[in-house]
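Read-outs throughout are calculated quantities, based only on the coordinates presented, and are distinct from any laboratory measurement. Note that the structure is predicted; figures quoted are calculated from it, not measured. So basically every Cβ, Gly included, is an ideal-geometry build from the backbone, and we count neighbours across all protein chains shown.
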Amino acid sequence: MAEFTLRLRRYDPSSGEAPYWDEHTIDLEPHRSVLEGILQAKARTDGSIGIRCSCRAAICGSCGVRINGQPGLACHTHLDVALARSKDGVIEVEPMGNMPVIKDLIVDMDAVHWKKIQRVSPWLINKEPVPEREYIVSRESMIDVTQTAACIQCGACVSDCLSMEVDPEFVGPAALAKAYRFVGDPRDAKHEQRLKDLSEDRHGIYSCTHCFKCIEACPKGVAPMNQIMRLRRIAGNDFHIEDRNNGERHERAFVKNIQRNGLLHEADLLPDSYGGKFSPRAVPELLSSLPIVATALRRRKMTIGGALLHPHKAPDGVKRIYDIVEGRDERVELNLYITGTDEDNAENPIQSVTQDVVTADAAGSDTGGAGSSV
Amino acid sequence: MRVAYWPGCVSRGFTAELHGSMAKVAPLLDIELVELDRANCCGAGVIAEHSQELADTLNARTFALAQQEINNGADLMMNICSTCQGAQSECQQRLDANAEYRAHVNETLQASDGLEYQDGIVNKNFLWVLVEEIGLEQLTSLVKRPLTDLRVGPFYGCYIVRPTDRLGIDAENPRDTYLGQVIEALGGTVIDYAGSHKCCGFPIITMNKEASLQQAGRHLGDAVDADADCLVTPCPLCHLNLDLQQPMAAKAVGRDLDMPVLHLPQLVGLALGLTPKELGLQHHVVKPTSVIDWSQSVVAGVGA
Amino acid sequence: MPAHDVLIIGAGLAGQRAALAAAQKGATVALMSKVHPVRSHSVAAAGGINAAVNPADDWRSHAYDTVKGSDFLGDQDAIEIMCREAPGEVMHLEHIGVTFHRNDRGEIDLRAFGGASMKRTAYVADITGQALLHVLYEQVMKHHEVIDRFEEWFVSSLVIDEQGTCVGAVAREIRSGKMETFSAKNVILASGGAGQCFKPTTNALICTGDGIAQAYQAGAPLMDMEMIQYHPTTLAENGFLITEGARGEGAHLLNSEGARFMEKYAPNKMELASRDVVSRAEQTEILEGRGVGPEGTGIWLDITVVPKKRTLEALREIVNIGKDFAGVDITAEPIMIQPGMHYIMGGVKTDINGATPIPGLYAAGEVACVSVHGGNRLGANSLLDTLIFGRRAGEHAAERSYNMAMPTASDERLAIDRERVAEILARPRTGRRVSEIKEELGTTMNRYVAVFRDESGLQSAHEVVRRLKEEARTAYVDDKGTVFNQDVLGAIELDYMLDCAEAIVVAALERKESRGAQFRTDFPDRNDEEWLKHIDIARNGDDEPHVSYSPVTITQWQPEERKY
C-alpha cells in the first residue's frame, strides 16, 4: 500500500458557488487506478464526488477525465504513472475539456460529443442488393474498420481537440473517426456522399489542425487523426472532390510543388492552394496578404526574385519516384494495425506486400473505396 | 561531431534566417554540418495524406542519402524542423516495422536513384542533439552571454511532441521538456503558459484561416499574459504562423500581440555571443525589439 | 406524463434490440437507462455469439450442446427457439453493419468456444459485445424519431395497478433529480444481472440487480436464482474477465506442476469444457494445493501457445488488459487467473416471449430466466440470448399494445418513492456507510455462495444477508443534493442487491443437489428424480421469500450423464 493525494475539481451547480479544488488522501497499491482511488475517497469520506464509471476495465468509456492535464480514462491510469507526471506530488483530476461541466468530473457529452456523432449519419446505409447471407468482404477490410469500431466513445479525443478549442463547431475526431467506420466499410453505399458532405463542411475534415492530440489521448488505438487523413485521401484521390475549403487543392498543390521543385517553393504553394495565382479564390487572399508581403519584402525575409523564380528543381531521382509511385494502378498503404510489426510476426512472416490489396477505385467495385491495405 | 544535415525547405525559403543562424551556431558547438543538398522535402504530413507510399519513399531517399554520409563518418542525421522530425519519424516507423514493405520501397529507390535505405537510422532534431548529444552541461560551459532576465516561452510544435511513443518520449527521455531545459541551461527564465505544447495552426491556414489564426493568436496572447519577452520554437512552419502571420493573428483575436518569436539556433546563438544581426533577427516580421535591446544591454554590460 | 406502448428499462443488447423490434412493429417506444446506452455492461462481453451459420452445422446440434451445458435444467422449447433463430439473427446483425471477423473466403469466421461440439462462435476480435452494442445504438440513433430515449434516468419502482397489471414505472432524471411517473401499455425489463452482490466480480459497478429486485418487489417470481456462474478465467486481483476466446484460440490451463490438469476432469473438451466444469476443476486444484501465485490461489492461463500474430489480431483486448491491469505480456508469459463470479443464469421468470406472469411486464436478457441457460450458460450464448429474446419481447409487447387503451399510471408510487428518497437523505450518520455494507455483502457471498457450497456456509450467508438488510435501513449518504446524486442511488441499489442476494441464498439452500453451477459438497451428486425442476422464489405480498417449483420443459433430449 502507498499513500497518494488526489486533487479533484469540484463543482456543484445548485450551490451557486464557483468550481474549487478538493484534496483527498488515499492508500492503495501503486499499480491501482486513479478511478479506484477516487472510488475509495467516495466510499470512505465523501460520497458526493461525482464521476461516471461502470466497468473499471477500460471498455465502457464512462470515466473520461483529465489527469495532470492529460485526457484519458481514470480506470486505465495507474496511480504511480499519474504521480510521475505530476508537477507537485499531487494527482490532479479535472473534467474533460471542450464540453460543459454538469457536476464535478461529469460533463455534458450530449451537448458536444453525441451531437457531433449524430451529425455524421452514424449507421450503415446498405449497398444493394442486400444478400441473403453475409456480404462477402475481405478479412482485411473488416480488421481495418475494426480499428475505428474499437472506439468506446469516451470523449478523451474530443476533450483535448485543439481545433475544437478555437472552433466549437468542428465536427471533431470522434465523429470523423466514426465516419471512417462507414467510408472504410465495403458494405456501405454512401462513401462519396459522406465524403462530399464532410469535405464541403466548413468545419469538416479539412478543419483538423493535424496536432496529434487525439491520437495521443485515445485509450483504444483508434488514432482518430489517421482516420481523418484517410477520409481526405479517399475524398481527394478516389472521388476527386474539390471542396470549397481548398483542402484537396492544397494537398494537390503541395504534392505537385515537390514534384516540380524537390523542395517546397512557398510562394507558389499558397496561391496554388486556392486554385492558382489568378483564380478568383486566390485573388482576395493575395490581396489581403499584401501588407504582410510588403513587410516581409522590407525585412528582406523574401525577395521578389526568390518568389517568382524557381531556384530549386527536383532532382531526377525525385521525379522518377513520383512516376513510379503515382503511376501504380492501386494505392499501396501499410496499416500497422492490420499487419503488425516484423517483431510481432516473427513466427509468421508476412507473405507478400501486395496480397489481398483492396482496390482503391471506388466506383462500382464490391469492396468499395476504402484505401487498400497491405 | 559531424552530422548528416537536413535543413528542410522553409529554412531556406521564407525563414532563411533559420538556415543562416544554424550555420553560424554549429561551429561554436563543434558540429560539422554536412548538408544533404540533394535531399527532398519531407512532405510535412501533406504528402503522406495524399499517399503514404510516396511520402515514405521520398523520406527513405533522404534517409538513404544521410546514410551515405553516416557511412563516411557522420554520427547521425540532424534536422532543424519539428515538422520534418515528426513527418520523417512517421515514415521511418512504417519502413522499420516491416521488412517486406521496406524492400518494396527500396525497389523504387534503386530504380530511381540507385539508393537503398537500411532500417534504423538515427534522425534527431537540433533540440534533441543539444540535450542528448552535446549535453546541457557542455552547453552551459559555452555560454558567453547568459540569457539572464530574458523570459522565454517555449513553443514546441505538435510534430515533435506527439505521439509520444513514436517520438521516443518517455521518463528517460523527457523530450517534451527539452526546450525548457535548454533555456535554463542558457541562463534564461522559462515561462510556463497554456499554449507551449499546442498547435500554431499552420496546417489549416488555407482550409480554415479563422481557426488557424485563432490558434496562433491565442497562444501568443497566453505568452503575453504570462509576461514572456519572446517565444522560441524549433519549427520554421510554426514560425511562419506565429511571426509572419502575427499581424493577422492579432486581428483574429482582437488584441495587440507584439511577441517576438525566435528560432532555436537564434536563441542559442545569442547566448553563445553572436549578435542579433549575425543571427538574422532583423528579418522577422515581428521586430524582436525587446530581445535586441536585452542583448545589447547585456553586451554593454559585459566588458564594462 | 410520458406514455408509450412499450417502455424498456435497460439499454444493453436486450433492451436496444427490443426497442428496435417494437418500433419496427409500429409501437411507440421509450428506451430508458440509468447510464448512457453504450455504457451498458453488454459492452464488456468479449468472445463472440453462437449460431449454426455454417451450412455443415445444424441448429439442433447447437441446441443439444446448450441443453447439455445447462445440465438439463434448461427449458428445451426455449432453447430450440433460440438456436433455430440464431443464424437469422447473426445475418441480420451483419447486415446492419457488425464487423464480424472473416475467413479467407470473406465469410463470417467461426471460432471454438466452451461446450460446443463444432466451431460456431462468430466474433469481432475479442470485443464482440462492444461491436454489437455500438452497432445497435447506431440503429437506435437512426430511428431517433420513433424511439424516445431517456438516457441517465434511474427507475425506482414499477407501477402495478389494482388489477395486478404493470402499467408503467417511476423514474428519476439523474441529472436534475426530478422524479416522474411513466405510463406504458407494456414494460420490458432489460436491466441485466446482479454481479455486484459478489466481490470480486467481472461485472460492472452498475450491475446491481435493479430489474430482478423491482420485479420481485412487484410480485413476479424469480427462477433458478441459485445458478451463479463463476467464470474460469478472471484476473486474480480485481476480478477482470479474460475471455474464453483465449481458450478458444488454444490457450492452456496449468497448475503449479505445470500440468494441463483439465485432462483429469474433462479429457475430451479439456479447457473448452463447460464453464462450471472448468471452474470446479480449477478450484479443486487450488484446494488440493496445486494452485499458483504467492498464496496458491491462482491458476496459470498460458496464451503463449497461440501464435503471436493471431493473439494480436483476435485477442487484442486481453493483450491490453494483461499489460494494463496485470503487468503481463500474454504473448510472452502465462497470466494468473482464478474462477470469478460472472453471470447469473437465474432471474425473472418468463415464457418464450419474454412475458412474466404479471400482465404487461416482460423481461429479456440476463435479468430474465426463460430458461435457456438452466444450470450453466455456455460461453457466447448470452449475447445470443439477449438478442433473440430481446427481439421477441419487443415484438410481443408491441403486438399486445395494438387495440389496447393507454393506461394512466397513478402517482401513488411516485409519492412513495419521493418519500423514500427524502428518508434516505435525512438519515443521521449513526448507521453504517452504504459502501461498507456493500463490501461485506460481496465478500460474504463470494465466500459461501461460490463454486463449492454447503448447508452451514449457506446458512451463515443467509444470516449475514438478513443482518445487512436491517443495517441497510439506516445506512446514510453524504450527498444531499439533487444534481447527479450518485450517493442516494447507491443506497437504493444496495436494497436491490440485498433482495437479489437473499433470493440467491434461499434458492441455493433449497436445492439439495449439485447441478450445473450449483455444487453442494453435502449433496455432490445430480439427482434427477427429485430435483429435475426449477426453483421459484416470490414475495407473495409479504417480505419473506417463498419457495415453489416449476417443471422443466423437455422436448427432444432426455437427461443423461454429463461428461466433457
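The range A:1-150: D in µm²/s via Stokes-Einstein (Kirkwood Rh, Cα pairs, 25 °C, 0.890 mPa s)? Spell out each step's value before the answer.
On the way: Rh = 17.7 Å.
Stokes-Einstein gives a translational diffusion coefficient of 138 µm²/s.
Using 29 Å as the Cα-Cα cut-off, could you pick out the over-long pairs in A:Lys115/C:Lys178; A:Lys301/B:Lys251; A:Lys319/B:Lys124; C:Lys178/C:Lys349?
Working: A:Lys115/C:Lys178 24 Å; A:Lys301/B:Lys251 22 Å; A:Lys319/B:Lys124 27 Å; C:Lys178/C:Lys349 32 Å.
Result: C:Lys178/C:Lys349 exceed 29 Å.
Using Cβ contacts closer than 10 Å as the measure, can you line up C:Ile416, C:Ile437, B:Ile204 from fewest to most?
Working: C:Ile416 12, C:Ile437 21, B:Ile204 26.
Final ranking by Cβ density, sparse to dense: C:Ile416, C:Ile437, B:Ile204.
As an exercise, take the mean of 1/r over every pair of distinct alpha carbons in the protein assembly as shown, invert it, and state the Kirkwood radius in angstroms.
Working: mean 1/r = 0.0308 Å⁻¹.
Answer for the protein assembly as shown: a Kirkwood hydrodynamic radius of 32.4 Å.
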### Message
From the P(r) of the range C:304-349, could you give the percentage of C-alpha pairs in the tail past 16 Å?
### Response
49 percent
### Query
Tilt of helix A:34-44 relative to the longest C-alpha principal axis of chain A, in degrees (0 to 90, nearest 10)?
20 degrees
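Would you please name the GluC sites (Glu not before Pro) within the range C:238-282 that are DSSP coil residues with at most 11 other C-beta atoms within 10 Å of their C-beta?
Values: sites: C:Glu244, C:Glu249, C:Glu257, C:Glu263, C:Glu271, C:Glu282; in loops: C:Glu244, C:Glu249, C:Glu257.
In loop regions of the range C:238-282 (DSSP not H, G, I, E or B), the sparsely surrounded GluC sites (Glu not before Pro) are C:Glu257.
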#### Entry: Separation of the A:Thr303 and C:Ala415 label points, Cα + 7 Å toward Cβ, nm
9.3 nm
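Do you know the relative contact order of chain A, to the nearest whole percent, from alpha carbon pairs under 8 angstrom that are 6+ apart? Don't skip to the end; give the middle numbers.
Details: 616 pairs, mean separation 47.6, N = 374.
Over chain A, the number comes to 13 percent.
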### Task
In square nanometres and to one decimal, what's the mean projected area of the convex hull around the Cα atoms of chain C?
24.2 nm²
### Summary
Violations at 21 Å Cα threshold for listed pairs A:Lys313/B:Lys287; A:Lys178/C:Lys142; A:Lys116/A:Lys190 -> A:Lys313/B:Lys287
## Note on the structure
Amide H neighbours of C:Ser157 at under 5 Å, excluding residues fewer than 5 places away on the same chain, with H built from the backbone geometry, are C:Val170
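Expressed as a rounded percentage, what relative contact order does the range B:130-206 have, with Cα pairs under 8 Å and six or more residues apart?
Details: 80 pairs, mean separation 33.7, N = 77.
Computed over the range B:130-206, the figure is 44 percent.
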### Query
Hey, how many Å between the Cα centroid of the range A:146-182 and the Cα centroid of the range C:123-191?
26 Å
### Query
With chain B treated as a Gaussian network of Cα nodes joined by springs under 10 Å, which of B:Leu147, B:Leu36, B:Leu54 yields the largest mean-square fluctuation?
B:Leu54
### Query
If you keep only loop residues by DSSP, which GluC sites (Glu not before Pro) in the range C:118-184 have at most 12 other Cβ atoms within 10 Å of their Cβ?
C:Glu145, C:Glu162
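Summarise the long-distance tail of P(r) for the range C:192-299 by giving the % of C-alpha pairs beyond 22 Å.
On the way: 2371 of 5778 pairs.
Summing the P(r) of the range C:192-299 above 22 Å gives 41 percent of all pairs.
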### Task
On a C-alpha basis, how far is the centre of the range C:35-100 from the centre of the range B:1-67 in Å? Whole number, if you could?
58 Å
#### Entry: For the range A:63-150, alpha-carbon Rg over 2.2 N^0.38 Å
1.63
### Message
For chain A, take the convex hull of the Cα atoms, compute a quarter of its surface area, and give me that in nm², please.
### Response
25.8 nm²
### Query
Points 7 angstrom from Cα along the Cβ direction at C:Thr521 and A:Lys256: gap in nanometres?
8.2 nm
### Query
If the cut-off is a Cα-Cα distance under 26 Å, which lysines reach C:Lys308, setting aside same-chain residues fewer than 8 apart in sequence?
A:Lys220, C:Lys119, C:Lys269, C:Lys323
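Enter the mean number of other protein chain beta carbons within 10 Å of the beta carbon of each residue in A:72-80, as an integer.
Partner-chain Cβ atoms within 10 Å, mean over residues of A:72-80: 1.
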### Other-chain or far-sequence residues with amide H under 5 Å of A:Cys55's (modelled H)
A:Cys60, A:Ser62, C:Leu205
### Message
Let me understand the range C:350-414 better: what is its radius of gyration from the alpha carbons, and its Dmax, in angstrom?
### Response
14.2, 43
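Tell me, what is the FRET efficiency for C:Met1 and B:Ser141 to the nearest 0.05, using R0 = 60 angstrom and their Cβ-Cβ distance as r? Present the calculation step by step, with values, prior to reporting the outcome.
On the way: r = 80 Å, r/R0 = 1.33.
Calculated value: 0.15.
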